[in-house]
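Before any comments, here is the structure.
The values are calculated or read from the model by the stated rules, or taken from the named source; none is laboratory data. Since the model is a prediction, treat every value here as computed from it, not as a measurement. Cβ coordinates were reconstructed from backbone atoms using ideal geometry, including for glycine residues, and neighbour counts include every protein chain displayed.
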Ligand SMILES: Nc1nc2c(ncn2[C@@H]2O[C@H](COP(=O)(O)OP(=O)(O)OP(=O)(O)O)[C@@H](O)[C@H]2O)c(=O)[nH]1
């Protein structure tokens, strides 16, 4: 199965877009931390702002600021 | 009186501190958790004749023991077995904050859930079927508003119920782990047969082992290492059968359980987008405007703090406008003015009284000047510290600070820091002690250390005062005065970033700044209660920890200033040990153009507190106006620049050193910090001085 089909990293999503988290391409500890904060595969994320700095998203009723490095490892299916 | 022990727990930002403060009425004891720089608050209240002791556990997203906070919270629950665990959740974001509650219920049965922010939920049209939720979770759930004081009595009623065993769960909560159960029971059985890890609930331990909990694995390795291979084999089997990472399976199972609850028990009538918040965020999070607005807000705030504390710059403005008397009134009735006169009165009163009952010489001096004045120095830190903490509290509480951290992140990243390094830098402009202690909020341990070491480079308000005096002594032109001041500040921020970068690379070997990962809570008006409580408890905490140290150093300094080889000197400072040290140091200070033991002496005294620098010049020249005193001693503009540089960047004060000792906890790092500051001060001042000489200045 080609994992990357139709998937984009969260970091290239634009403000106002919405997507579904598919995979977290980070180390195990980091992945669990992200999941416990609500960034779980299957969840829907709204991108509130994405310009130069950290990306701002809303997931599970919470607004989060994510560094670009983490954001580039979270793969999203745009909706 | 009967006593019970309750612990407060929950995710960050759910209003735990507010509730704690509400229940205890602010009568709390703040200390550190043993062995870690993590604040522990404890307080009590009496309800229906029963004393409830409450411990505020660190706010964490889960109980996985992945960081210090989670570990401290979990250990407390498991080992101290509180009579009741009060789990605070946020009614406006249950989908998220219930995660902690579920984890808590899997670990502990005596739980009450405080459904906080019910006022905000009502406003946003969120209806919650509390009875339905209670039925699903099996513990009392009490809607409250910690901010408005709604529902607190009922919460305490239920807390007492649970402590007495009424309405508690009989057994731990079971989440549907989608096929993992047979394996969980197998491990449970192994643990039971082998009598291993008995201090934890067994099922819970089994689940944690599947999730790869390192603390539990480590404990098992110590207790019964022979079980590990068996458990690993079971895990491998489960992974193969279920075809999924087990950690992810466990976490997503908990979230499905939560989704079931929120689907049936929470109704959102209208999707109330907090539009004000969104509009403000568009400004605050703008890559260019964001940092500018944040910086502006902070400058204005410090302007206000400074005016309250010292009268400056309000007094100068009034003076320019021709209201000389009003200006001196403002100065006199500023906080530090009032405190200063109070201690002068006390000290001269004691002197007079002691002389009248027949004491004389150094005993009077020690008590009146040494001890009382050091106490005065200690107390004089209080307004600044308190104001800086009020400022920090208000910025945090309003939601502005996290946004500022986001907007500065890109810039700071270039220097190996994350946007969070903005907090200590901003606070440093108020008080370096507050800056150093604020580094606790960083979640990356190395970044915390680095910023604690470098944030004292940013001139605090005491240094600003000295800086302004130097500027006025060497020039009467307001333009060049402000140019010097601004130059020192801009340079300090550059130094902050550069030295942090260097320390990162050379000492801590960090390649990249930790990636930002933080919650942005909604904006709102800061609550006075919360902010005041925060500021007061932090200030008290610092005074208790560093007070003795400061007092001791103050007395040593008094001794050095008042004793010489001839014994007690009664005021003849030129023959004191301090002057002697000054003489030894003066070859060094002469390299920065200040070739006189009096400068060296002033720098010594400036270590106690920066204002001491000015007082020294006044007492060695006999001229009370510090600006005049500096002129008498012969400060040229070039020497002024050199002195300003040296003064601004060398060790801020002994209180900061005390804070560094308590926060860094490693003597080597404290020494390194002091050496680094001395070196930066010396090199910059010397460079400025010698360049100036070559350009023809004197
Ligand atoms: N509307 C509303 N706001 C609340 C209530 N309780 C707390 N808040 C606000 O929510 C914010 C977070 O409250 P804190 O008490 O600092 O939260 P905490 O859980 O202690 O968070 P940490 O200190 O980060 O662990 C504060 O700005 C409070 O003013 C409430 O009942 N209603």
Subject >> Residues satisfying the stated conditions in region B:37-77, i.e. out of contact with any helix residue (DSSP H, G or I) (no Cβ under 8 Å at 6 or more places or on another chain) and closer than 26 Å to residue B:209 by Cβ >> reply: B:67, B:68, B:69, B:70, B:72, B:73, B:75, B:76
Subject >> Qualifying position, being within 30 Å of residue B:19 (Cα to Cα) and either within 14 Å of another protein chain (Cβ to nearest Cβ) or in contact with a helix residue (DSSP H, G or I) (Cβ under 8 Å, 6 or more places away or on another chain) (or both), among B:459, B:521 >> reply: B:521
**OP:** With respect to residue B:404, determine if the residue is within 14 Å of chain A (Cβ to nearest Cβ) and in contact (Cβ under 8 Å) with a residue 12 or more places away in the chain.
**Re:** yes
**OP:** Would you confirm whether any residue within region B:422-430 is within 14 Å of chain A (Cβ to nearest Cβ), outside any loop (DSSP other than H, G, I, E, B), touching a residue at least 24 places away in the same chain (Cβ under 8 Å) and touching a strand residue (DSSP E or B) at 6+ places or on another chain (Cβ under 9 Å)?
**Re:** no
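Every residue, every condition in (1) touching a helix residue (DSSP H, G or I) at 6+ places or on another chain (Cβ under 8 Å); (2) within 12 Å of chain B (Cβ to nearest Cβ); (3) touching a residue at least 24 places away in the same chain (Cβ under 8 Å), yes or no:
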residue	(1), (2), (3)
A:7	no, no, yes
A:22	no, no, yes
A:25	no, no, yes
A:30	yes, yes, yes
A:50	yes, yes, yes
A:53	yes, yes, no
A:69	no, yes, no
A:72	yes, yes, yes
A:78	no, no, yes
Original post:
Any idea how many residues of region B:107-128 are away from the ligand (no atom under 13 Å from the Cβ) and closer than 23 Å to residue B:4 by Cβ?
Top reply: 7
Original post:
Just one of B:531, B:466 is modelled with pLDDT of 85 or more and within 16 Å of the ligand (Cβ to nearest atom); which is it?
Top reply: B:531
**OP:** Would you please name the residue that is surrounded by the most Cβ atoms within 10 Å (Cβ to Cβ), looking only at residues in region B:665-695 that are in contact with a helix residue (DSSP H, G or I) (Cβ under 6 Å, 6 or more places away or on another chain) and farther than 11 Å from residue B:453 by Cα?
**Re:** B:685
Original post:
What are the residue pairs meeting all of these: first residue in region B:138-151, first residue outside the structural domain of residue B:117 (by TED's automatic domain parsing), second residue near the ligand (Cβ under 7 Å from one of its atoms), Cβ atoms under 8 Å, and 6 or more apart or on different chains?
Top reply: none
Original post:
Quick one: would you say residue B:52 is away from the ligand (no atom under 16 Å from the Cβ), surrounded by 24 or more Cβ atoms within 10 Å (Cβ to Cβ) and more than 20 Å from residue B:541 (Cβ to Cβ)?
Top reply: yes
**OP:** Taking residue B:417 as the residue in question, decide whether it is more than 24 Å from residue B:524 (Cβ to Cβ) and not in a helix (DSSP H, G or I).
**Re:** yes
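The rows are residues; the columns are (1) under 23 Å from residue A:33 (Cα atoms); (2) not in a helix (DSSP H, G or I).
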site	(1), (2)
B:207	yes, no
B:219	yes, no
B:225	no, yes
B:228	no, no
B:233	no, no
B:241	no, no
B:259	yes, no
**OP:** Looking for whichever is more than 16 Å from the ligand (Cβ to nearest atom), away from chain A (no Cβ under 14 Å) and closer than 23 Å to residue B:62 by Cβ here; the options are B:229, B:201, B:225. Which one fits?
**Re:** B:201
Subject >> Exclusive hit being outside any helix (DSSP H, G or I) and more than 16 Å from the ligand (Cβ to nearest atom), set B:511, B:540 >> reply: B:511
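Tell me, which helices (runs of 4 or more DSSP H) lie completely within region B:313-409 with 1 or more residues that are at pLDDT 75 or above?
B:335-356, B:362-365, B:372-398
Quick grid of which residues meet (1) within 16 Å of the ligand (Cβ to nearest atom); (2) in contact with a strand residue (DSSP E or B) (Cβ under 8 Å, 6 or more places away or on another chain):
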{"position": "B:133", "(1), (2)": "no, yes"}
{"position": "B:156", "(1), (2)": "yes, yes"}
{"position": "B:163", "(1), (2)": "no, yes"}
{"position": "B:174", "(1), (2)": "no, no"}
Original post:
Does residue B:174 count as assigned to a loop (DSSP other than H, G, I, E, B) and under 30 Å from residue A:21 (Cβ atoms)?
Top reply: yes
Original post:
Are any of the residues in region B:69-88 closer than 25 Å to residue B:539 by Cα and more than 14 Å from every other protein chain (Cβ to nearest Cβ)?
Top reply: yes
Original post:
Any residue at all in region B:575-582 that is surrounded by 16 or more Cβ atoms within 10 Å (Cβ to Cβ) and either within 14 Å of chain A (Cβ to nearest Cβ) or assigned to a strand (DSSP E or B) (or both)?
Top reply: yes
Original post:
Just to be sure, is residue B:214 out of contact with any strand residue (DSSP E or B) (no Cβ under 8 Å at 6 or more places or on another chain), more than 16 Å from the ligand (Cβ to nearest atom) and within 14 Å of chain A (Cβ to nearest Cβ)?
Top reply: yes
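Got a number for residues in region B:1-34 being more than 8 Å from the ligand (Cβ to nearest atom), assigned to a strand (DSSP E or B) and at pLDDT 90 or above?
7
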Subject >> Those residues of region B:608-631 which are buried (at least 20 other Cβ atoms within 10 Å of the Cβ) and within 18 Å of residue B:468 (Cα to Cα), in sequence order >> reply: B:609, B:610, B:611, B:612, B:613, B:614, B:616, B:617, B:626, B:629, B:630
**OP:** Could you please tell me which pairs satisfy a Cβ distance under 7 Å, a separation of 6+ or placement on different chains, a first residue in region B:109-129 that is within 14 Å of chain A (Cβ to nearest Cβ), and a second residue that is outside any helix (DSSP H, G or I) and within 10 Å of the ligand (Cβ to nearest atom)?
**Re:** B:117/B:15; B:117/B:90; B:117/B:145; B:128/B:115
